[in-house]
Amino acid sequence: MTGRPRVTVGVAMALIAALALGGCAETEFLANTAKQAKGTKSSSVGTYKVGNPYQIGGVWYYPKEDWEYVETGIASWYGPGFHGRSTANGETFDENDVTAAHRTLPLPSVVRVTNLTNGRALVVRVNDRGPFAHGRIIDLSRRSAQLLGFERQGTAKVRVEILPEDSRRDQIAARGGAVGPVLASATPDATPAPVPNAVPSPPVQVSRLEAPTGAAPSPAARNKALPSPATPPGGSGTSAVAAGGPPPGTVETVPVSDTDIWVQVGAFENRDNARRLSRQLKDIGPANVQEALVAGRTYYRVRVGPLTEVASADRTLEQLIAAGFPGSRIVVD
């Protein structure tokens, strides 16, 4: 499962809803994100990979080490059609493991994924590339989607944040104890391109929760229950996650509030530039200029929305990419 587009369960469900509206743009979106899965099965022990910049569906992706990575957006999941196949770093994909695919983080990496609707948070190991549908930021294994409580819905509003300590540990092990980057192209003909500036999002604090009932356990979990740290005497059951985070497979709770879906077109330090762009978007949707303070610097974010449904956000995103704004992305705030 290298850098080819993949239609996952979450993407497919969103597309079915969009196609029911009778538009041709959604049909083209489906065609552009279809993936032919490779049939070779590999070793369960993968290697460390970063990768060169690559382009899928007119959008550039820039793999790199980013120890401050935090992003909000829409998650999807994949499973049955890829079970037992090779991941991008040479491991064997198991839909019952707590793993994920990400477009730019080094492989392997360890991230915390928070469902911003139900407050469930899960530590997940990233060992694959994807998703390549434009409106998704992470593609979770089926087991991960079950634990986060969105297997049936197909998609979820999420926050994804890297756990540096756990990621470094796994990456050193994947290098065989060596230190230093190892480059591996995500696609055979990847073309180098300049790296864009990214605007980080704020972190999140979490609290403990047992795994959801009714979720099918992974093979290892059938003989061993998911870990559930004990609550300190007199405690309320809520605490900040310790450095390094809990083991993958541990479900926690997170205090969450109501969120909206937006399509962000750009972020500027100059307010006039942001206003100029927002005026260009009037034919696509209601554009807003939102001021945000990030790491002591003021940015002016140009966003279309708010949007209530993932399907409408997908359509708006595709319109923006087609109109010449390939850096647009779906965010959740």
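Take the residues in region 251-302 that are β-branched (Val, Ile, Thr) and more than 30 Å from Val98 (Cβ to Cβ); name whichever of them is modelled with the lowest pLDDT. Break it down stepwise before answering.
Taking region 251-302 as the starting set, the residues that turn out to be β-branched (Val, Ile, Thr) are 251, 253-254, 256, 259, 261, 263, 265, 284, 289, 294, 298, 302.
Keeping just the survivors that are more than 30 Å from Val98 (Cβ to Cβ) gives 265, 284, 289, 294, 298, 302.
Working: Val265: 97, Ile284: 92, Val289: 96, Val294: 89, Thr298: 97, Val302: 97.
Filtering first and then ranking leaves Val294.
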(request) Run Thr114 past the list (1) more than 19 Å from Gly79 (Cα to Cα); (2) open to solvent by 10 Å² or more (accessible area, probe 1.4 Å) and report the number of the one that doesn't hold. (result) (2)
(request) Can you run down the residue pairs with Cβ atoms below 9 Å, 6 or more apart or on separate chains, where the first is in region 63-91 and without any contact (Cβ under 8 Å) to a residue 24 or more places away in the chain and the partner is open to solvent by 20 Å² or more (accessible area, probe 1.4 Å) and in a loop (DSSP other than H, G, I, E, B)? (result) His83/Asp94; His83/Glu95; His83/Asn96
(message) Of all residues being touching an Asp or Glu at 6+ places or on another chain (Cβ under 7 Å) and outside any loop (DSSP other than H, G, I, E, B) in region 126-154, which is most open to solvent (accessible area, probe 1.4 Å)? Just the residue, please.
(response) Arg142
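Checking the structure you have, find out if any residue of region 173-185 is touching a strand residue (DSSP E or B) at 6+ places or on another chain (Cβ under 9 Å), closer than 28 Å to Ile330 by Cβ and at pLDDT below 95.
Within region 173-185 (the criterion being touching a strand residue (DSSP E or B) at 6+ places or on another chain (Cβ under 9 Å), closer than 28 Å to Ile330 by Cβ and at pLDDT below 95), the answer is yes, since at least one residue qualifies.
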(request) Return the total of residues in region 272-287 being open to solvent by less than 100 Å² (accessible area, probe 1.4 Å) and either in contact with a helix residue (DSSP H, G or I) (Cβ under 8 Å, 6 or more places away or on another chain) or within 12 Å of Leu320 (Cβ to Cβ) (or both). (result) 5
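The values are calculated or read from the model by the stated rules, or taken from the named source; none is laboratory data. Please read these numbers as outputs of a predicted model, since none were measured by experiment. Quick reminder, even Gly has a Cβ in these numbers, built from the backbone with ideal geometry, and neighbours come from all protein chains shown. Please note that ligands, DNA and RNA were not included when accessible areas were found on the heavy atoms of the full protein model with its side chains. Shrake-Rupley method; radii C 1.70, N 1.55, O 1.52, S 1.80 Å.
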